[in-house]
Amino acid sequence: MSLLLEEISIKTEHSFRSKIDVLPHIEVPWHYHPEFELIYIEKSRGTLVVGDCIDNFKDGDLIFIGPNTPHVMKNDESYYLKRKDLIAIAWVVHFKEDSFGKEFFLLPEMHRIKKFLTHSFSGVRIEGSTKYKIIQHLKSLQTSDFSQRIIVLLQILQILGQSDDLEYLASDNFVKTIQQRSNQKLYQIYEYVSDNFHRKIDLEEAAKIANMSKTAFCRFFKKKTQKTFSEFLNEMRINYAKKLLVEGRLTVSQIAYECGFNSPSYFNKIFKSSTGKSPLQQRNKS
């Protein structure tokens, strides 16, 4: 279990990659790459993990992920049962910051776009009218060639640079951590938690993933993330609970157990401590 560097191949006649994947299910491991990534999920659903954020994805979602940010997409279990009625269709664009020249995004006219790209290290969910405008440009991109491809991509980035329809995913602490240095042990823990947060995970179990003693692991984790492992685990669970509350499919008690809390009362206590609101208040606000 390790964080993989994905090699993005780009045709020699192109400065960036644009493709449409049609698959029975998404097969993307916990990975990172130096390219910016724009993903339009035309058809699929499952779990999205960006840094220390656990979220869901579904038909019509649009996600932008900055370079070297660890992420993974996993379909719901039903997609791996070879059901003919389920399929994953994703439109994907990859480009580097220097795809159009090393100083292109430093031009004064690129200020807003550069600001968006800088903030995209945390991963961005794109909503509202912005999403629908970009989807139309993505469709245009697939039929464009030569310089028109660059023009369309810049139109997409211009829209993003001016938009308020953006939800940032990973926490500021996580972004600071990955920008300081790559750490395989830390990423292994993130991946393990994202796979298992819905059940009990004790400190000894987490320390084994990092191949450390409990004492060494606690020091290591606190130094890297500025929080205890318990705080980190509860933070990821609460972030996921917020998504489930917005969806409205499950009761508060069901969400508590779905997110790995051993009792609804404890879930309520941690949720209110973290957000300042009870789960019901959060749901009503949404």
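Numbers for the structure displayed
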| quantity | calculated |
| --- | --- |
| Candidates Lys11, Lys19, Lys84, Lys58 - the one that is more than 20 Å from Tyr240 (Cα to Cα) and at pLDDT 90 or above | Lys19 |
| Residue within the stretch 9-26 that is over 24 Å from Thr118 (Cα atoms), within 19 Å of the chain's Cα centre (by Cα), not assigned by TED's automatic domain parsing to the domain that holds Tyr192 and not in a strand (DSSP E or B) present | yes |
| Residues (over 22 Å from Ala170 (Cα atoms) and surrounded by 13 or more Cβ atoms within 10 Å (Cβ to Cβ)) located in the stretch 252-279 | Val252, Ser253, Tyr257, Pro264, Asn268, Lys269, Ser278 |
| Selection from the stretch 204-221 of residues that are over 17 Å from Leu3 (Cα atoms) and polar (S, T, N, Q) | Ser213, Thr215 |
| Verdict on Arg249 being charged (D, E, K, R) and either assigned to a loop (DSSP other than H, G, I, E, B) or modelled with pLDDT of 95 or more (or both) | yes |
| Single condition Phe100 does not satisfy, out of (1) more than 22 Å from Pro34 (Cα to Cα); (2) surrounded by fewer than 18 Cβ atoms within 10 Å (Cβ to Cβ); (3) over 19 Å from the mean Cα position of the chain (by Cα) | (1) |
| Listing of helices (runs of 4 or more DSSP H) fully contained in the stretch 93-207 that carry 3 or more residues being within 30 Å of Leu244 (Cβ to Cβ) and in the same structural domain as Glu77 (by TED's automatic domain parsing) | 128-142 |
| Residue, surrounded by the most Cβ atoms within 10 Å (Cβ to Cβ), within the stretch 225-236, restricted to residues that are in contact with a helix residue (DSSP H, G or I) (Cβ under 8 Å, 6 or more places away or on another chain) and of a type outside the set (A, V, I, L, M, F, W, C) | Asn234 |
| Test: residue in the stretch 188-205 that is crowded, with 16+ Cβ neighbours inside 10 Å and closer than 26 Å to Asn284 by Cα | yes |
| Only one of Ser122, Ser194 that is touching a residue at least 60 places away in the same chain (Cβ under 8 Å), touching a Phe, Trp or Tyr at 6+ places or on another chain (Cβ under 7 Å) and within 20 Å of Val72 (Cα to Cα) | Ser122 |
| Qualifying residue in the stretch 256-271 (condition: β-branched (Val, Ile, Thr), assigned to a helix (DSSP H, G or I) and within 21 Å of the chain's Cα centre (by Cα)) | no |
| Residue check for Leu117: surrounded by 19 or more Cβ atoms within 10 Å (Cβ to Cβ), on the phi < 0 side of the Ramachandran plot and either basic (Lys, Arg) or at pLDDT 95 or above (or both) | yes |
| Residues of the stretch 208-223 satisfying the condition of being part of a helix (DSSP H, G or I) and crowded, with 17+ Cβ neighbours inside 10 Å | Ile209, Phe217, Cys218, Phe220, Phe221 |
| Matching residues, the stretch 132-181, being modelled with pLDDT under 90 and basic (Lys, Arg) | Lys176, Arg181 |
| Unmet criterion (only one of (1) crowded, with 20+ Cβ neighbours inside 10 Å; (2) of a type in the set (Phe, Trp, Tyr); (3) out of contact with any helix residue (DSSP H, G or I) (no Cβ under 9 Å at 6 or more places or on another chain)) for Tyr79 | (1) |
| In the stretch 138-152, the residues that are of a type in the set (Val, Ile, Thr) and either exposed (fewer than 12 other Cβ atoms within 10 Å of the Cβ) or at positive phi (or both) | Thr143 |
| Residue check for Ser230: of a type in the set (Gly, Ala, Ser) and either within 30 Å of His94 (Cα to Cα) or modelled with pLDDT under 90 (or both) | no |
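The values are calculated or read from the model by the stated rules, or taken from the named source; none is laboratory data. Here the structure is a predicted model, which is why all the values come from computation and not from measurement. Cβ coordinates were reconstructed from backbone atoms using ideal geometry, including for glycine residues, and neighbour counts include every protein chain displayed.
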